[in-house]
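Inspection log for the structure reproduced underneath, given as structure tokens.
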Amino acid sequence: MADVPISWTVWQGGKFDTTGGWLHKQRWDGFCRWMFRLHRKVFTKGTGPNFAPIITTDGHRCRASTTELGLLILDCDGTGDWEQGLADLERVGLAFLAHRSSSHLPGLPKWRLILPL
């Protein structure tokens, strides 16, 4: 799975920046390293880089410009823990990246699961 190329687009100007995105196309393990480096940095909420698992024709983050979807991202806020789901994915041998949100709390779990398509 590490050799499978995937694509994602990054915007640097915070959560409202939806133009001028730049395309990344790497192997799955390169994406995981990028996510690890990104999530070790601290940004004021809403100001850090954001990404979408898409290729666009013009760097805009909108349906009209999207030509390809490279990842499936499941975002879970406050509906339970991820232990069983992660165990099931490992059991069947699927590649995935899972991370908790910075606002995760024991009584309010927040996490994301990313799967290559």
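The values are calculated or read from the model by the stated rules, or taken from the named source; none is laboratory data. What you are looking at is a predicted structure, and each value in this text was computed from that prediction instead of being measured. Cβ atoms come from the backbone with ideal geometry, glycine included; neighbour counts cover every protein chain shown. These area figures cover heavy atoms from the full protein model, side chains too; ligands, DNA and RNA do not enter into them. Shrake-Rupley method; radii C 1.70, N 1.55, O 1.52, S 1.80 Å.
Would you point out the residue of the stretch 97-117, among those that are part of a loop (DSSP other than H, G, I, E, B) and open to solvent by 40 Å² or more (accessible area, probe 1.4 Å), that is farthest from residue 44 (Cα to Cα)?
Here is the first cut: in the stretch 97-117, the ones part of a loop (DSSP other than H, G, I, E, B) are 101-104, 106-107, 109, 117.
With the extra rule that they be open to solvent by 40 Å² or more (accessible area, probe 1.4 Å), the set shrinks to 102-104, 106-107, 117.
Values: 102: 11, 103: 12, 104: 16, 106: 22, 107: 23, 117: 31 Å.
The residue in question is 117.
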Check: Hey, does the stretch 14-23 have a residue that's at pLDDT 90 or above, within 21 Å of residue 117 (Cβ to Cβ), in a strand (DSSP E or B) and out of contact with any Phe, Trp or Tyr (no Cβ under 6 Å at 6 or more places or on another chain)?
Finding: yes
Conditions (1) over 19 Å from residue 3 (Cα atoms); (2) crowded, with 16+ Cβ neighbours inside 10 Å; (3) of a type outside the set (Lys, Arg) -> residue 53 fails only (1)
By residue number, the members of the stretch 27-50 that are of a type in the set (A, V, I, L, M, F, W, C), open to solvent by 100 Å² or more (accessible area, probe 1.4 Å) and either at pLDDT 90 or above or in a helix (DSSP H, G or I) (or both) are 36
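Residue-by-condition table, conditions (1) outside any loop (DSSP other than H, G, I, E, B); (2) open to solvent by less than 60 Å² (accessible area, probe 1.4 Å); (3) farther than 20 Å from residue 28 by Cβ:
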| residue | (1), (2), (3) |
| --- | --- |
| 68 | yes, no, no |
| 76 | yes, yes, yes |
| 79 | no, no, yes |
| 84 | yes, no, yes |
| 91 | yes, no, no |
| 95 | no, yes, no |
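Answer with yes or no whether residue 79 is at pLDDT 90 or above and either out of contact with any helix residue (DSSP H, G or I) (no Cβ under 8 Å at 6 or more places or on another chain) or of a type outside the set (Lys, Arg) (or both).
On the way: at pLDDT 90 or above: no; either out of contact with any helix residue (DSSP H, G or I) (no Cβ under 8 Å at 6 or more places or on another chain) or of a type outside the set (Lys, Arg) (or both): yes.
Taking the combined requirement at face value, the residue does not satisfy it.
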